[in-house]
Amino acid sequence: MAEIELIGLTKEYDKGKTAVKSIDLKIEDGETVVLVGPSGCGKTTTLRMIAGLEEPTAGKILMDGVEINKLPVKDRDMAMIFQSYALYENMTVFDNIAFPLKMRKVSKEDIQYRVEAIADQLGLTEYLDRRPKALSGGERQRVAMGRAIIRNPKVYLMDEPLSNLDAKLRIKLRMELAQMKEKLGTTMIYVTHDQTEAMTLADKIVVMKDGEIMQVGTPQEIYDKPANPFVAEFFGNLPINFIRRNGVLYGIRPENIEVRNLSHRECNDWLKANFIRQEMLGAQKVLYLKLGKEDLTVSVDSNFEVEGTILLIRLKKDKIMAFNYS
């Protein structure tokens, strides 16, 4: 395991484009940190600089307190899992997983034992004699994971490893990654644009935008106490509601708005909102309302029955977020 620290890390390209703008970040020994943000925010460039695949324009990368900026990729003791799997198509699954050990001249007996153990762990035993082209996307990504695990590196670097898979496979492999993380206890840096992956896998989330870090925090902190409207809007299965009043931008998540029908008694402190439409999402129902000029999205139990075109709403005061805006 290893501690990674980025100090003023910057990456500039030709024509004055700055992909990463002097970021500072500390990743603790054994911690899983997820870099998340929209395309072009600098998260993959940051990962590639840590891996040694990109050279920083300025700043330092420290591993256990030692600067590794000039250290070759092969000497950084990191294993990278790519979005594209990056398997050797002319090799069997066994040989793909075993490749890092063969490069280190590990004995055949030890290679056999370790490959079989990892294949069993990842559900690949029956595929060891096959070539990658005979595998599904999920199986290919497991092979890539196996090849990384067998190296027993100090750090795992993962660049959108699940983005090429369908929704069902993503959920399955996300669970497997979470289990792998718990078993290995190794430092992991994971890049994604998917907020669900970030929330379920991270010990710490780093939200990026335009090459800068917007916020660093635990999944709960990022969700409940976003530093700015960008972070607040990026997370949540349903979009956060924003209400502008007197120079302040208030935010409230759909699940934190209470709703009652107009016929309900004892609702003197509630606000009246116009009902626009609703969507049924299984156990959840989403209501679209209008409060003055503001559009509101509200999440309620699927059993809630709307009566009429006017509803009563109340915002949970302890869940209201406030941001300055111009």
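The values are calculated or read from the model by the stated rules, or taken from the named source; none is laboratory data. Quick caveat: nothing in here was measured; it's all calculated off a predicted structure. Note that we place each Cβ from the backbone using ideal geometry, even for glycine, and neighbour counts take in every protein chain shown.
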Exercise. Give the number of residues within segment 163-182 that are within 25 Å of Thr92 (Cβ to Cβ) and free of Cβ contacts under 8 Å to residues at least 12 places away in the same chain.
Key: 0
Quiz item: Are any of the residues in segment 217-237 without any contact (Cβ under 8 Å) to a residue 24 or more places away in the chain and part of a strand (DSSP E or B)?
Solution: yes
Quiz item: From the list Lys290, Lys285, Lys319, which residue is within 27 Å of the chain's Cα centre (by Cα) and farther than 22 Å from Glu221 by Cβ?
Solution: Lys285
Self-check item: Failed criterion for Val191 (all others in (1) outside the structural domain of Gly8 (by TED's automatic domain parsing); (2) outside any helix (DSSP H, G or I) hold)
Solution: (1)
Practice problem: May I ask you to list pairs of residues, at least six apart or on different chains, whose Cβ atoms are under 8 Å apart, with the first in segment 139-162 being more than 20 Å from Met1 (Cβ to Cβ) and the second being small (Gly, Ala, Ser) and surrounded by fewer than 22 Cβ atoms within 10 Å (Cβ to Cβ)? | Solution: Arg142/Gly123; Ala144/Ala86
Exercise. Go through segment 225-248 and give me each residue that's over 16 Å from the mean Cα position of the chain (by Cα) and under 22 Å from Cys41 (Cβ atoms).
Key: Lys225, Ala227, Asn228, Pro229, Pro239, Ile240, Phe242
Quiz item: Of the residues that sit in segment 240-280 and are surrounded by 13 or more Cβ atoms within 10 Å (Cβ to Cβ) and outside any strand (DSSP E or B), which one is modelled with the lowest pLDDT?
Solution: Cys267
Self-check item: All positions within segment 77-120 that are of a type in the set (S, T, N, Q) and free of Cβ contacts under 8 Å to residues at least 40 places away in the same chain
Solution: Thr92, Ser107, Gln112
Exercise. Return yes or no: is Gly247 over 22 Å from Ala19 (Cα atoms) and touching an Asp or Glu at 6+ places or on another chain (Cβ under 9 Å)?
Key: no
Quiz item: Any chance segment 49-59 includes a residue that's buried (at least 22 other Cβ atoms within 10 Å of the Cβ), assigned by TED's automatic domain parsing to the domain that holds Pro100 and touching a residue at least 60 places away in the same chain (Cβ under 8 Å)?
Solution: yes
Quiz item: Here are some conditions: (1) hydroxyl-bearing (Ser, Thr, Tyr); (2) closer than 30 Å to Leu296 by Cα; (3) buried (at least 19 other Cβ atoms within 10 Å of the Cβ). Thr200 meets all but one. Which one does it not meet?
Solution: (3)
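Restricting the search to segment 194-216, which residues are of a type outside the set (Ser, Thr, Tyr) and not in a strand (DSSP E or B)? So that I can check it myself, show each step before the final result.
First, the residues of segment 194-216 that are of a type outside the set (Ser, Thr, Tyr): 194-195, 197-199, 201-216.
Across segment 194-216, the qualifying residues are Asp194, Gln195, Glu197, Ala198, Met199, Leu201, Ala202, Asp203, Asp210, Gly211.
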